[in-house]
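The next block holds one structure in the form of structure tokens; read it before the comments.
Just so it is clear, none of the values below were taken in a lab; they were calculated from the coordinates. Keep in mind it's a predicted model, so treat the numbers as computed, not measured. Cβ placement follows ideal geometry from the backbone for every residue including glycine, while neighbour counts extend to all protein chains displayed.
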Amino acid sequence: MAPPNKALFLDRDGTINVDYGYVYQADKFDLIDGIIDICRVAQEKGYLIIVITNQSGIARGYYTEADFHAITQHMKDVFQKHGIHITDVFHCPDLTGEDRKPNPGLFLKAQQKYNIDMAASISIGDKERDITAAKKAGVSRNFLYNGHNYEMIKEKIG
């Protein structure tokens with residue numbers, strides 16, 4: 001049996017890209033400074049890059065599942081151009097339920113799918129609910145991005 005993997009779990013809006021509110025168009029997908037560097041360090045250290053994101057805009061009717069999948073592919077392509085492989089993206093399109101952060105459902109699905117050692121993993125989010133969900137799932141190192149602390153986070157991973 002293969003040893004467990006470790007993962008860098010990332011929230012999307014406000015952590016990977018600027019949160020303009022319900023981002024689903026490629027021309028409004030602007031990376032936050034520092035995220036590529038953090039992912040590069042994590043990837044070099046053997047972490048899987050996994051995105052865990054609430055997407056209530058789908059349930060609210062602001063955009064469709066197809067729109068979400070299109071912007072997700074755009075995000076993966078942007079990262080790939082920087083040499084970063086996003087292993088997977090887990091999303092919750094609903095307004096409630098076990099998968100919606102601050103509940104840990106999406107983290108636990110990722111853990112099961114990729115045999116992840118949660119205690120060896122890291123999460124980064126821009127809201128307390130991101131950190132709460134990660135902690136409930138057993139992720140040991142959790143960082144709340146405040147708009148200015150990517151260098152500190154990068155050092156903690158490295």
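Table for the structure above
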{"read-out": "Cα shape, the stretch 1-60, gyration tensor, a/c 1.5 rule", "value": "oblate"}
{"read-out": "Computed magnitude of the charge dipole of the chain (debye, nearest 20; Cβ of K, R +1, Cβ of D, E -1)", "value": "460 debye"}
{"read-out": "Trypsin sites (Lys or Arg not before Pro) lying in DSSP loop within the stretch 11-95, provided at most 11 other Cβ fall within 10 Å", "value": "Arg60"}
{"read-out": "Eligible lysines near Lys113 by straight Cα distance, threshold 24 Å, same-chain separation 8 or greater", "value": "Lys6, Lys45, Lys76, Lys101, Lys135, Lys136"}
{"read-out": "The chain: C-alpha pair distances exceeding 29 Å, %", "value": "10 percent"}
{"read-out": "In order through the stretch 28-36: 3J(HN,Hα) via Karplus (6.51 cos²θ - 1.76 cosθ + 1.60), integer Hz, x for Gly, Pro", "value": "10, 9, 10, 5, 7, 3, x, 5, 5"}
